[in-house]
Amino acid sequence: MTASTLFFIIVGIILIDFLIDKVLDALNAKHYNDPVPDTLQDVFDEEEYEKSQRYKKANYKFGIVSSTFSVVVLLLFLFLDGFDFVDDIARSVSDNAIVIALIFFGIIMIGSDLLSLPFSWYHTFVIEERFGFNKTTPKTFFFDKLKSWGMMIILGGGILALIVWFYQFAEDDFWWYAWILVALFSIFLNMFYARLIVPLFNKQTPLPEGSLRDKIEAYAQKEGFTLEKIFVIDGSKRSTKANAYFSGFGNEKRVTLYDTLINDLEEEEIVAVLAHEVGHYKKNHIIINLIISILTTGLTLWILSLFIGNPLLSAALGVEKPGFHIGLVAFGILYSPISEITGIIMNYLSRKFEYQADNFAKHTYKAQPLITGLKKLSKNSLSNLTPHPAYVFVHYSHPPLYKRFRNLLG
Ligand SMILES: [Zn+2]
């Protein structure tokens with residue numbers, strides 16, 4: 001195979017991926033006006049339904065513009081030998097492969113983030129604002145960006161530096177070392193996410209005293225879950241949308257409830273949502289996901305090790321001097337169809353887990369308050385009640401609402 005053949009395969013993958021995505025979006029958009037399923041008739045009144053239709057369409061148009069922009073930029077970058085240009089800059093600074101890789105990815109990451117900045121600004125301060133969701137101030141928006149860059153530089157940079165170093169001394173066997181590193185890191189991050197990462201962005205407080213706390217305590221005690229593991233987070237700092245999630249394992253396990261959820265839902269509904277989250281814990285969903293992600297990481301790194309030494313990868317991107325970092329970019333694109341498929345499998349699994357957590361809530365608490373609670377959450381976030389099945393299959397980590405209700409009522 002020649003470098004130019006591989007170049008066109010890379011371009012082909014980018015284009016096909018983009019087209020499939022746009023076809024799915026269009027299919028989904030065609031179903032915006034479908035009749036609402038019987039069980040969901042009372043989610044919206046007429047005015048709110050109109051509003052949800054406008055919200056879906058605004059997001060659909062925004063998605064077309066922003067994704068077209070990114071794919072055009074990426075293709076221009078490829079055709080104009082952008083990777084070679086950035087590689088030259090990195091190599092002009094140092095001869096050290098680790099420093100070169102850090103500068104190279106630093107420029108690519110920060111550059112692409114800056115290019116997408118106007119889009120995320122527009123999404124937050126125009127679309128979300130127009131529909132009454134946005135609570136983020138420009139200051140919060142700005143500091144969120146800085147903090148996530150800081151995290152990317154420290155964590156991403158640290159891991160990248162170590163992996164390049166492994167490659168320097170172990171060559172094709174580097175993947176073993178990289179796998180152990182990434183596995184340990186993801187176990188650590190999964191465990192301490194709530195303790196180390198969340199506080200950078202949000203305040204977490206224990207449940208306040210009162211009737212809600214009493215109701216939750218009664219349920220939690222029955223299920224062997226202590227109140228010290230339940231936190232309230234100030235989600236209202238950024239958005240009116242509500243949420244709840246389970247994170248961590250072992251001694252670090254916890255359920256986090258958004259303050260917006262506590263404001264929007266009745267006490268029984270909140271306990272039902274909490275019961276759903278406890279279900280994720282009881283059914284070991286976090287640990288299963290973690291094991292699967294560690295296994296797929298191992299597979300990816302092993303396949304990477306088979307190709308990374310091939311100078312064709314660098315040549316395909318128009319870079320004469322082969323380098324680990326360029327090979328990584330080319331491999332990343334060539335591998336994307338496989339990661340799309342693993343993504344679809346993970347979403348399928350995640351939807352199964354949602355049913356299991358719903359069933360847990362139904363059997364250990366009640367189905368009815370979970371149903372009314374989920375209705376309120378859907379109403380308040382102007383959810384799409386009629387997604388296309390193909391779109392759900394690829395993108396949804398949660399089953400569509402009518403299917404969850406059918407399961408809860410069955
Ligand atoms: Zn869930």
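The values are calculated or read from the model by the stated rules, or taken from the named source; none is laboratory data. Note that this is a predicted model, so its numbers are computed, not measured. Cβ coordinates were reconstructed from backbone atoms using ideal geometry, including for glycine residues, and neighbour counts include every protein chain displayed. Side chains are part of the model used for accessible areas, which takes the heavy atoms of the whole protein and leaves out ligands, DNA and RNA. Shrake-Rupley method; radii C 1.70, N 1.55, O 1.52, S 1.80 Å.
From (1) at pLDDT 95 or above; (2) closer than 30 Å to Glu252 by Cβ; (3) in contact with a strand residue (DSSP E or B) (Cβ under 8 Å, 6 or more places away or on another chain), pick out the condition that doesn't hold for Tyr193.
Among (1) at pLDDT 95 or above; (2) closer than 30 Å to Glu252 by Cβ; (3) in contact with a strand residue (DSSP E or B) (Cβ under 8 Å, 6 or more places away or on another chain), the lone unmet condition for Tyr193 is (1).
Which pairs turn up if I take residues in the range 209-220 that are open to solvent by less than 20 Å² (accessible area, probe 1.4 Å) and look for partners that are among the small types (Gly, Ala, Ser) with beta carbon separation below 7 Å, at least 6 apart in sequence or on another chain?
Sorted first by the residue in the range 209-220, then by its partner, the pairs are Tyr219/Ala275.
Step by step: first the residues of the range 237-260, then only those that are open to solvent by 50 Å² or more (accessible area, probe 1.4 Å) and among the polar types (S, T, N, Q), then the one that is farthest from the ligand (Cβ to nearest atom). Which residue is that?
Asn251
Please indicate, with yes or no, whether at least one residue in the range 337-353 is assigned to a helix (DSSP H, G or I), open to solvent by 40 Å² or more (accessible area, probe 1.4 Å), within 15 Å of the ligand (Cβ to nearest atom) and in contact with a Lys or Arg (Cβ under 7 Å, 6 or more places away or on another chain).
no
Name the one entry in Phe225, Phe231 that is within 16 Å of the ligand (Cβ to nearest atom) and aromatic (Phe, Trp, Tyr).
Only one candidate qualifies: Phe225.
Go through the residues of the range 360-371 one by one and say whether even a single one is part of a helix (DSSP H, G or I), modelled with pLDDT of 95 or more, over 30 Å from Leu304 (Cβ atoms) and away from the ligand (no atom under 16 Å from the Cβ). Quick ask: steps written out before the conclusion?
Let us first name the residues in the range 360-371 that are part of a helix (DSSP H, G or I), namely 360-364, 368-371.
Remaining after also requiring modelled with pLDDT of 95 or more: 360-364, 368-371.
Retained after the next criterion (residues that are over 30 Å from Leu304 (Cβ atoms)): 360-364, 368-371.
Applying the additional criterion that residues be away from the ligand (no atom under 16 Å from the Cβ) yields 368.
Within the range 360-371 (the criterion being part of a helix (DSSP H, G or I), modelled with pLDDT of 95 or more, over 30 Å from Leu304 (Cβ atoms) and away from the ligand (no atom under 16 Å from the Cβ)), the answer is yes, since at least one residue qualifies.
Being in contact (Cβ under 8 Å) with a residue 60 or more places away in the chain and away from the ligand (no atom under 11 Å from the Cβ) is the filter here, so list the residues in the range 261-274 that pass it.
Matches in the range 261-274: Leu261, Asp264, Leu265, Glu266, Glu268, Glu269, Ile270, Val271, Ala272.
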